[in-house]
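Asks: Right, I'll just put the structure down here and ask away after.
The values are calculated or read from the model by the stated rules, or taken from the named source; none is laboratory data. Worth saying up front: this structure is predicted, and the values here are computed from it rather than measured. Positions of Cβ are generated from backbone atoms using ideal geometry, with glycine treated the same way; all protein chains shown enter the neighbour counts.
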Amino acid sequence: MLWRMALRNLRRNTRRTALTLLAMSMACSLLIVTLSLNDGNLWSLILSATEQYQGHFRIQSLLKESDPDLNHTLTAKILPALRSPAVHFSPRLRGMFLMSSGSDEDMRSLPVEILGIDPKLEAKVTSLNQHFDVGNPLTAHNSGGILLGRELAKKLKAEVGAEIIVMGQGAEGTIASGLFTVQGIFSSGDQLRDGRLSLIHLLDLQNLMNLSHRAHEWVGKTSDPLKIDDFVKDLQLRAPELSIVSWRTDLPQLATVVDHWFIGQIIVMAIFYSAVILIATNTMSMSILERNREISILRALGLKRRLILKLLLLEGLFLGIGAAILGAIVGGTLVTYFYVFPIDLTPWFGEINWGSLGFRPALRTWPQIDTLMSPLILICLLGVVATILPALNILKKRLYQALGER
Amino acid sequence: MAPLLKIVFILSNLSFLYGEELNLIDIIRDVETQHLARTSYAKTRMIIKKRSWSREMVMSMYGEGRDKFLARIEEPVKDRGLTSLKIKQEMWNYMPNIDRTMKVPSSLMGDSWMGSHFTNDDLIKGDKIEELYSLKSTRKQTDLALIEAMPKPDSAVVWGKILYHIKLPEKVATEVEYFDEDFVLVRKMILEGFREMEGRLIPMQMRIVPIDSPEESTTVIYEDLQLNLPLDSRMFSVQALKRRKN
């Protein structure tokens, strides 16, 4: 009976109900989007830094940790013990080489690092083989192609199609020399790295260094980089003979930023929640105070205060639920859109380099169940709670006073 | 009369000092160019011992004075024909498997040569120690002298100090110690198996030992050494590298 009356009351003045619903749902969707953008900023920071090159963790031989000897390698045999759902691994081999380009008369030589990657597996862990100024990424099959970092290509004055000569050390003291063709020029987001790094197919580097089926490290990506310490501990227990290093160890500045981020986030969240509470309370108050005369007439007709209060609370709950549904639709759509299609801000702000970290600024949301659910629950509760005070205000007035007010 | 005696005394001491410096310069120049002459040829065996591997190479080395030098790997077969050429302060490597020549930048002269404990510079003797370093005799006994080489203020050099152990009266180095810019001993070179050739004593074996990994070493054994032999000067050119493939 009471809930039917509440629904009828809401339908009776559609303009008032629509305006209240709109204000509350907008507040709800605004909160959902803001929270997701805030999370997106944090994740952009982590993903941008780890996906460019580092990955979330790397596995190497214990010997390699203390001795950079290129003969300390691993094979894929280590993987079965470490496999977990939603974790991707990619092998990498690296070597220091002297690299030359140009003719005999105008030759430029530089010491560089060549990283051998498996393009298919690397794509699941980092975007190293994806950000190009010119040219094409490495393909699944080894081809004799080489990718140069942007700054390295400038120093070598090498363009796509140029011939590159490399010479260095292979396994067990052998001399490794090879000829490659520049296939692309990439930008990883870190100028320093782009000045000394080049990429070739893993098989090409294995052949060059005489290290067939070997890798210096396996880099990995987890589903939750924020819980990387626990994850690495678990892996380490499963493979104590290996050295497993998390991004928090490799990128200590980023780890510090993330730790401080949470403190800042509490303050930001408090501000946003307060704003939404104020908007919702004010809207509900106005819509109830506007009904002073109507409520007083109900009292005059003999309806008890308790019953009227219940009726108003029910109306508030329905408004809250409606606002939550609308807010979830609008907010959820925006969050999904900016998650699937993040806006790359690099054309406007450029790549941001900070210490050894490079970031690509982006407008990105990050959907998480708690950031989606908490505004919905809050707006439902606010529908009820924000009704109490203005309703009591009206109900405690003497009837003649309430009816006499204009 | 007394002032005149004083001046004579000072001048005699100055000439003694000048004479000693000339002597030190000669000794160090001889040490640094002991395997070189107007022209030279050597067949050498290089044994590299690292913690996790060891390797042996046979090389032919040709030299013309101090400015031209060519080292060609003969063994192992896989690396045969790989050649390093030095002309004055510049160095090139020729790689027969890709038939390409690569210039080694001067900034990498201090880097390892072919994975050994020798640097590119050790091989080509690019640094003229007696010109770039100030020499001082720090200890002199009847059979041993220590000569300390400190870089001159305007010299761009790899080592912070070099200490030569000179055997007397032959005036040949038996050990050379290399220190970094903080005067920490980094490596030492031991010279052994002296043989007399063309009126001078030449070590037929040189061993480099890094101080931080004493179990590692690189030994160069001179199996054949010929000095002042007729050599075609044109072989010391970048173009000639490619012509000598096999």
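Here is a yes/no grid of residues against (1) out of contact with any Leu (no Cβ under 7 Å at 6 or more places or on another chain); (2) surrounded by 16 or more Cβ atoms within 10 Å (Cβ to Cβ):
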site	(1), (2)
B:106	yes, no
B:110	yes, no
B:116	yes, yes
B:131	yes, no
B:134	yes, no
B:157	no, yes
B:181	yes, no
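Asks: Here is a list: A:80, A:111, A:91, A:85. Which entry is in a strand (DSSP E or B), at negative phi and away from chain B (no Cβ under 14 Å)? First the steps, then the outcome.
Replies: Details: A:80 fails: in a strand (DSSP E or B); A:111 fails: away from chain B (no Cβ under 14 Å); A:85 fails: in a strand (DSSP E or B).
Every option except A:91 fails the conditions.
Asks: Continuing with this model, one more query. For residue A:192, work out the one condition from (1) away from chain B (no Cβ under 14 Å); (2) touching a Ser or Thr at 6+ places or on another chain (Cβ under 9 Å); (3) surrounded by 18 or more Cβ atoms within 10 Å (Cβ to Cβ); (4) closer than 16 Å to residue A:112 by Cβ it doesn't fulfil.
Replies: Going through (1) away from chain B (no Cβ under 14 Å); (2) touching a Ser or Thr at 6+ places or on another chain (Cβ under 9 Å); (3) surrounded by 18 or more Cβ atoms within 10 Å (Cβ to Cβ); (4) closer than 16 Å to residue A:112 by Cβ one by one, residue A:192 breaks only (3).
Asks: Residue check: is residue B:110 outside any strand (DSSP E or B) and touching an Asp or Glu at 6+ places or on another chain (Cβ under 8 Å)? Can you show your working first?
Replies: Numbers: outside any strand (DSSP E or B): yes; touching an Asp or Glu at 6+ places or on another chain (Cβ under 8 Å): yes.
Considered against the rule, which asks whether it is outside any strand (DSSP E or B) and touching an Asp or Glu at 6+ places or on another chain (Cβ under 8 Å), residue B:110 comes out as yes.
Asks: Would you call residue B:152 farther than 21 Å from residue B:208 by Cα, of a type outside the set (A, V, I, L, M, F, W, C), exposed (fewer than 15 other Cβ atoms within 10 Å of the Cβ) and at pLDDT 85 or above?
Replies: yes
Asks: Could you say which residue among A:101, A:44, A:48 is touching a strand residue (DSSP E or B) at 6+ places or on another chain (Cβ under 9 Å), among the small types (Gly, Ala, Ser) and within 14 Å of chain B (Cβ to nearest Cβ)? Lay out the reasoning, then the answer.
Replies: Details: A:44 fails: within 14 Å of chain B (Cβ to nearest Cβ); A:48 fails: within 14 Å of chain B (Cβ to nearest Cβ).
Criteria check complete, one pass: A:101.
Asks: Could you go through region A:214-226 and let me know if any residue there is closer than 26 Å to residue A:136 by Cα and assigned to a helix (DSSP H, G or I).
Replies: No; the residues of region A:214-226 include none that is closer than 26 Å to residue A:136 by Cα and assigned to a helix (DSSP H, G or I).
Asks: Additional query: Return the only residue of B:80, B:55 being surrounded by fewer than 21 Cβ atoms within 10 Å (Cβ to Cβ), facing chain A (nearest Cβ under 8 Å) and not hydrophobic (A, V, I, L, M, F, W, C).
Replies: Numbers: B:80 fails: facing chain A (nearest Cβ under 8 Å).
Only one candidate qualifies: B:55.
Asks: Output the residue which, of all residues in region B:83-104 that are hydrophobic (A, V, I, L, M, F, W, C) and facing chain A (nearest Cβ under 8 Å), is surrounded by the fewest Cβ atoms within 10 Å (Cβ to Cβ). So that I can check it myself, show each step before the final result.
Replies: Going residue by residue through region B:83-104, those that are hydrophobic (A, V, I, L, M, F, W, C) are B:85, B:87, B:91-92, B:95, B:98, B:102, B:104.
Going one step further and asking which of them are facing chain A (nearest Cβ under 8 Å), we end up with B:95, B:98, B:102, B:104.
Details: B:95: 22, B:98: 16, B:102: 22, B:104: 23.
By that ranking, first place goes to B:98.
Asks: Say we look at region A:195-241 and pick out the residues that are in contact with a Lys or Arg (Cβ under 9 Å, 6 or more places away or on another chain) and of a type in the set (Gly, Ala, Ser); which of these is surrounded by the fewest Cβ atoms within 10 Å (Cβ to Cβ)?
Replies: A:195
Asks: For region A:123-137, state whether one or more residues are more than 16 Å from residue A:194 (Cα to Cα), away from chain B (no Cβ under 14 Å) and either in a helix (DSSP H, G or I) or touching a Phe, Trp or Tyr at 6+ places or on another chain (Cβ under 6 Å) (or both). Don't jump to the end; show me each part of the working.
Replies: To start, the set of residues in region A:123-137 that are more than 16 Å from residue A:194 (Cα to Cα) comprises A:123-125, A:136.
Going one step further and asking which of them are away from chain B (no Cβ under 14 Å), we end up with A:123-125, A:136.
So of that shortlist, the ones also either in a helix (DSSP H, G or I) or touching a Phe, Trp or Tyr at 6+ places or on another chain (Cβ under 6 Å) (or both) come out as none.
No, because not a single residue in region A:123-137 is more than 16 Å from residue A:194 (Cα to Cα), away from chain B (no Cβ under 14 Å) and either in a helix (DSSP H, G or I) or touching a Phe, Trp or Tyr at 6+ places or on another chain (Cβ under 6 Å) (or both).
Asks: Looking at A:362, A:300, A:323, A:328 in this structure, which one is closer than 30 Å to residue A:186 by Cβ and in contact (Cβ under 8 Å) with a residue 60 or more places away in the chain?
Replies: Working: A:300 fails: closer than 30 Å to residue A:186 by Cβ; A:323 fails: closer than 30 Å to residue A:186 by Cβ; A:328 fails: closer than 30 Å to residue A:186 by Cβ.
None of the other options fit; the residue is A:362.
Asks: Can you tell me which of (1) within 29 Å of the chain's Cα centre (by Cα); (2) in the same structural domain as residue A:81 (by TED's automatic domain parsing); (3) not in a helix (DSSP H, G or I) is the one residue A:243 doesn't meet?
Replies: For residue A:243, the failing item is (2).
Asks: Continuing with the same structure: Just a yes or no: is a residue in region A:152-165 crowded, with 18+ Cβ neighbours inside 10 Å, touching a helix residue (DSSP H, G or I) at 6+ places or on another chain (Cβ under 7 Å) and modelled with pLDDT of 90 or more?
Replies: yes
Asks: Can you tell me which residue is farthest from the other protein chains (Cβ to nearest Cβ) among those in region A:54-63 that are crowded, with 19+ Cβ neighbours inside 10 Å and of a type outside the set (Gly, Ala, Ser)? Give the derivation first.
Replies: Step one: filter region A:54-63 for residues crowded, with 19+ Cβ neighbours inside 10 Å, giving A:54-61.
Among the residues that remain, those that are also of a type outside the set (Gly, Ala, Ser) are: A:54, A:56-60.
Working: A:54: 27, A:56: 30, A:57: 26, A:58: 21, A:59: 20, A:60: 15 Å.
It comes out as A:56.
Asks: Scan region B:36-52 for residues that are of a type in the set (A, V, I, L, M) and within 14 Å of chain A (Cβ to nearest Cβ) and jot them down. It would help to see each step written out before you state the result.
Replies: Here is the first cut: in region B:36-52, the ones of a type in the set (A, V, I, L, M) are B:36-37, B:42, B:46-48.
Residues satisfying the conditions are B:46, B:47, B:48.
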